[in-house]
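Participant: I am attaching a structure below and will ask some questions about it afterwards.
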Amino acid sequence: MAEETQGEREERLRSSFWEALDDSPFMMLGLQGVEDSRTRPMTAQVDAEDAEDGGTLYFFAAKSEALGQAIGSGHRAVATYSSKDHKVFAHVHGTLVPANDRAIIERLWNPFIASWYKDGKDDPDLLLLRFDTERADVWEAHSGSTLVAAALKMLGRDPGRDHQRENQAEVAL
């Protein structure tokens with residue numbers, strides 16, 4: 001079997017990320033350089049209508065909460081992700097900007113989001129955030145990785161380096 005090229009690995013990991021996010025859309029999202037820089041659990045809404053890869057990431061938030069109050073016109077953001085089967089992990093960097101476009105809100109709105117807003121789509125506290133991603137570090141974990149690492153170690157190789165080379169890449173989302 002031919003060894004995978006860097007481009008093929010990046011594409012495989014990018015696809016793995018989008019598939020996993022479709023299955024479990026929960027991310028830890030936070031802002032960099034603000035007083036309350038902790039991450040918080042948020043549900044990613046993927047707008048596949050403008051999809052080049054997986055789509056644009058959006059988050060419904062509240063203007064009254066710390067994230068909404070700190071956002072201003074845009075802020076450096078970071079999000080972390082772990083798939084529900086713990087086989088795909090990601091650390092995503094980019095800019096978080098308010099994007100209260102009514103057409104996008106209409107397209108992404110669903111009963112789960114509606115449950116958070118007393119006045120529905122017209123709730124004055126509603127804030128739609130667009131995550132303009134710049135890069136993501138994506139890792140893939142495979143069952144048996146610990147056994148493979150032990151075997152590599154016995155052969156005098158660095159299992160962390162070999163595993164990372166095969167199962168991690170920085171990708172554009």
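The values are calculated or read from the model by the stated rules, or taken from the named source; none is laboratory data. If you're wondering where the values come from, they're calculated on a predicted model, not measured in any experiment. Neighbour counts run over all protein chains shown; Cβ positions are idealised from the backbone, glycine included.
Participant: Does D36 satisfy the criteria of being among the charged types (D, E, K, R) and within 14 Å of the chain's Cα centre (by Cα)? Break it down into steps so the answer makes sense when it comes.
Facilitator: Working: among the charged types (D, E, K, R): yes; within 14 Å of the chain's Cα centre (by Cα): no.
For D36, the condition - among the charged types (D, E, K, R) and within 14 Å of the chain's Cα centre (by Cα) - is not met.
Participant: Let me ask another. Those residues that are outside any strand (DSSP E or B) and either in contact with a Gly (Cβ under 9 Å, 6 or more places away or on another chain) or among the β-branched types (V, I, T) (or both), I need them from region 26-68; list them, please. Break it down into steps so the answer makes sense when it comes.
Facilitator: Of the residues in region 26-68, the ones outside any strand (DSSP E or B) are 32-39, 44, 48-55, 63-68.
The answer is V34, D36, S37, R38, T39, A48, E49, L67.
Participant: Out of all the residues in region 72-95, is one or more of a type outside the set (D, E), in contact (Cβ under 8 Å) with a residue 60 or more places away in the chain and over 19 Å from V138 (Cα atoms)?
Facilitator: No: zero hits.
Participant: Here's a follow-up. Only one of (1) closer than 14 Å to T133 by Cα; (2) modelled with pLDDT of 95 or more; (3) of a type in the set (G, A, S); (4) surrounded by fewer than 18 Cβ atoms within 10 Å (Cβ to Cβ) fails for G74. Which number is that?
Facilitator: Here G74 clears every test but (2).
Participant: Given the conditions (1) in contact with a Leu (Cβ under 7 Å, 6 or more places away or on another chain); (2) under 15 Å from S83 (Cβ atoms), which single one is not true for T39?
Facilitator: (2)
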